[in-house]
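What follows is a short report on a single structure.
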Amino acid sequence: MTSISEDSDKEKVRSVSVDLNNDASLVIDIPDALCERDKVKFTIHIKTTLSSFQKSEFSVPRQHEDFIWLHDTIVETEEYAGLIIPPAPPKPDFEGPREKMHKLGEGESSMTKEEYAKMKQELEAEYLAVFKKTVQVHEVFLQRLSSHPMFRKDRNFQIFLEYDQDLTVRRKNAKEMFGGFFKNMVKSADEVLISGVKEVDEFFEQEKIFLLDYSSKIKDATAKAEKMTRSHKNVADDYNHISGAMNSIAADNNTAFKKTISVCVLQKLEDRVASDQELKLTELLRYYTRDIQAAKDLLYRRARALADYENSNKTLDKARLKGKDIAQAEENQKQCLRKFDKLSESGKKELTSFKARRVVAFRKNLIEMTELEIKHAKNSMSLLQGSIEILNSN
Amino acid sequence: QSPEAARLSAEDISPSSNGPRDDDPDDPDDLFAEATEEVSLDSPERQPILSDGPSPAITPVTISPRVDVFDRSPDLVKHRLSSCDGMNAYMVYKVMTKTSLSIFSRDEVCVKRRFSDFLGLHSKLASKYMHMGYIVPPAPEKSIVGMTKVKVGKEDLSSVEFVEKRRSALERYLLRTVKHPALLKDPDVLQFLESSELPRAVSTQALSGAGILRMVNKAADAVNKMTIKMNESDAWFEEKQQQFENLDVQLRKLHASVESLVYHRKELSVNTASFAKSAAMLGNSEDHTALSRALSQLAEVEEKIDQLHQDQSYADFYLISELLGDYVRLITAVKGVFDQRMKAWAKWQDAQVMLQRKREAEAKLQYASKPDKLQQATDEIREWEGKVQQGERDFEQISKNIRREVGRFEKDRVKDFRVVIMKYLESLVHTQQQLIKYWEAFLPEAKAIA
């Protein structure tokens, strides 16, 4: 069981999006979380001045599945069709560290006590990193909802925050009602429909072209960044083994040799931390891959509305021709047009603010990553130069 | 140093000749005569891996492979390949020696040798000196797979790397051999370095009669080792032997870890390059101008970092990994020398047992009146008394030699590792310096995103 305590410098952790907690009327954060076997229990902490809530400050425990339920109900809500729906947080994935722990357990007999202790330490750090990441991503999801003028008023959002019992029952009902139907359709059909629809609005035409292309590029970049990060980790692990092996040689041999060898131990720090920096980059790309998808979903819904509107026109024409059901067709057409206009209007606003948000987040992350790389390279260099001096003085 | 600094390829040579023949003035067809790449001793690519230290005699012995003109005259290549079997081609290495020692006939001499010549030299030295307790530096290992690719004319990077790896290993081998005061004066060594023609060492081939005999002897030795129970009276030997056993295990483990590092570093380089391309594409796709530029710059930085990783991985390999491989083989040679001492002891003991038997036989013959047999028995006693004395002398001599050799070995080992580790640390420092430079150049680009 792992848990993180009140983390005062959460600013560092919250890196993929800009600070969303600047509206004091509804402040949400996840100060604590517990990891039990496969399940992570998040403690959601809410501080609010809104009268719609019963208390002004309270906490509630939630599981990952609760977040998914909340996301899905929002997606299914017609009213929000013109908004970019914050992407659902991915499932907590402890597979990496868990596999490593398994290997560690199996290989325990073949390594020295120091090596084992060190690897265990590394493993715990990795576990903690995954943990922090998943907390952050769940937190950001809630904060995006709370900082959005429409979502923060959502009834289900309030239930999520306030309902003091287990949400499992509610979740089951929701599933039966919607069955995730709409969501699946969106995922599979969006590319085709978006590219097929004739666009009248220049803004949306540009956005469509941009989002379709950017989406595949950022997905690819994310995958490549992940591979790069994994390689870095492998190199770091190798350095760990090497320093362990060198230590055991140093222990057994004469002093002159020992001094020469033990100096090498220092440089293993290098890659370990380098991989941490890359994690920033990878996390940023991952998050925006999902966010871009959410933007595409918006385009899709609008495209569907446009298609509906065009169909309603055809229906109206047919009705006029036949002289039957004209009023009904007219009403339908009016509604479709209204819906389409509404989606276009809010869609434009959303997409514009999305771009601004994305640019700011990239800037912040790239700067932070670069500064850390520099700091770390400087550290490594001074350590290495110190080692060289020691070697020279012998 | 990157192996791409030197241009290398295989020279195709007809199997019927007994040595490299392209300086043959009688062969007008040999357009390859002028194609030799002269690598000067001062050229930066040719720094020997081992320090040349205070050695007064042989200064950098450089080995460079012959250069073929494959890429410039493809027709001749075809012609050459069809007239002699690819598999019979062999690589020739140029060995340049610069020395001030009087035992050499010239100050500077340059000879051409093939891989089997090196193996032949080692084989001769081992048979001459190992049983005396001298640690004879082991020759580089054969690699059927690696060499085959080169022979069939594969010009890819792995073949190039293979040849460079071998060249470097052969150079280190020679440097270690001549560093040994006794081996340096050996006539076989001198001949190897100086004479232009060397008799082919056919017995080094793996599947030759001699090769099979070697394998059988090795097996027999292993069995003997198990059955000899030596009464070790000298604590130093017991301690040292244990020490070398431990060191063997530890070095192998370390070597394996370093090989893993080399592999993963190469992988990291590939993945970094791949990410760089992807980031460039993302930058192109990005419609916000400043962010687009920053992403392209990021891609360039990552490309440069990929090159850094590649260079670092060469250092990982050529400095550390190869050194460790050398030492794993050296430790085996050291252990071999301890085994030789055991054999000498066993021989001495066996002689003593034999002497005892002969004495008992003679005693018996005292009572049977067979005067010739008695004379023979007495002669045999004298013979075996001599053998016992010789056995004891040999045993003491080899023990003395080993003590001296081990002392020398340990001193050299410390020096070797120190030099290499120093070089490696410096390479790491250089990498960090470059990283700082690249990221500091990128930072204003990131900040410029507005």
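Applying 1/(1 + (r/R0)^6) with R0 = 60 Å to the Cβ-Cβ distance of residue B:290 and residue A:320, what FRET efficiency is obtained, to the nearest 0.05? The partial results should precede the final answer.
Values: r = 53 Å, r/R0 = 0.88.
Computed FRET efficiency for residue B:290 and residue A:320 comes out at 0.70.
Would you mind giving the average projected area, over all directions, of the Cα convex hull of region A:66-150 in nm² with one decimal?
Value for region A:66-150: 6.7 nm².
Within the P(r) computed for region A:282-386, what percentage of the Cα pairs occupies the region above 18 Å?
Tail fraction, whole percent: 67.
State the dimensionless ratio Rg/Rh of region B:373-432 (Rg: radius of gyration of Cα atoms; Rh: Kirkwood radius).
Values: Rg = 25.4 Å, Rh = 15.8 Å.
Using only Cα positions, Rg/Rh for region B:373-432 is 1.61.
Order of B:292, B:278 from fewest to most other C-beta atoms within 10 Å?
Exposure proxy ranking, most exposed first: B:292, B:278.
If I stretch the segment between residue B:359 and residue B:397 completely, what's the gain in nm (0.36 nm per residue apart, minus their alpha carbon distance), one decimal?
Additional length available on full extension: 11.0 nm.
How would B:186, A:341, B:107 line up from fewest to most surrounding beta-carbon atoms within 10 angstrom?
Exposure proxy ranking, most exposed first: B:107, A:341, B:186.
For region A:206-217, in order, what is each residue's ³J(HN,Hα) by Karplus, 6.51 cos²θ - 1.76 cosθ + 1.60 with θ = phi - 60°, in whole Hz (x at glycine and Pro)?
4, 4, 4, 4, 4, 5, 4, 5, 4, 4, 5, 5
What fraction of the Cα pairs in region A:25-182, stated in percent, has a spacing above 23 angstrom?
Details: 5818 of 12403 pairs.
When all Cα pairs of region A:25-182 are counted, 47 percent exceed 23 Å.
Which trypsin sites (Lys or Arg not before Pro) does region B:103-132 hold that lie in a coil by DSSP with at most 12 other beta carbons within 10 Å?
B:106
For residue A:112 and residue A:392, what does the FRET efficiency come to when R0 = 25 Å and r is the distance between their Cβ atoms, rounded to the nearest 0.05?
In this case the efficiency is close to 0.25.
Which whole-number value in Å³ per residue fits the convex hull of the alpha carbons of region B:325-379?
61
Simple spin-label model, 7 Å along Cα-to-Cβ: residue A:25 to residue B:415 in nm?
8.1
Return the sequence-ordered ³J(HN,Hα) values of region A:99-104 in whole Hz as given by the Karplus equation 6.51 cos²θ - 1.76 cosθ + 1.60 applied to θ = phi - 60°, using x for Gly and Pro.
4, 4, 5, 4, 4, 4
Compute the separation of the alpha-carbon centres of region B:385-419 and region A:141-170 and state it in Å as a whole number.
Centre-to-centre (Cα) distance: 81 Å.
Apply the Karplus curve 6.51 cos²θ - 1.76 cosθ + 1.60, θ = phi - 60°, to the phi angles in region B:423-435 and return the couplings in whole Hz, x for Gly and Pro.
Rounded to whole hertz, the list is 4, 5, 4, 5, 5, 5, 4, 4, 4, 5, 4, 4, 4.
Roughly how many debye, to the nearest 20, is the charge dipole of region B:257-378 about its Cα centre, given +1 on each Lys and Arg Cβ, -1 on each Asp and Glu Cβ, and no other charges? Write down the numbers at each step before the final one.
Values: 16 positive and 17 negative charges, 349 e Å.
So the dipole magnitude of region B:257-378 works out to roughly 1680 debye.
Spin-label point model (7 Å from Cα, Cβ direction): what's the residue B:375 to residue B:408 distance in nm?
4.9
Within 10 Å of each Cβ in A:302-314, how many Cβ atoms from other chains are there, averaged over the peptide?
0
How are the alpha carbon pair distances in region B:237-341 distributed across 10 Å bins from zero to the largest one, expressed in percent?
15, 27, 19, 15, 11, 8, 4, 1
Treating only the Cβ atoms of Lys and Arg (+1) and Asp and Glu (-1) as charged, compute the dipole magnitude of region B:294-341 about its Cα centre; round to the nearest 20 debye.
Here the size comes out at about 520 debye.
Values quoted throughout were computed directly from the atomic coordinates according to the rules given, and no laboratory measurement underlies them. Just so you know, these numbers come straight off a predicted model, no measurement behind them. Note that each Cβ is placed from the backbone with ideal geometry, even for glycine, and that neighbours are counted across all protein chains shown.
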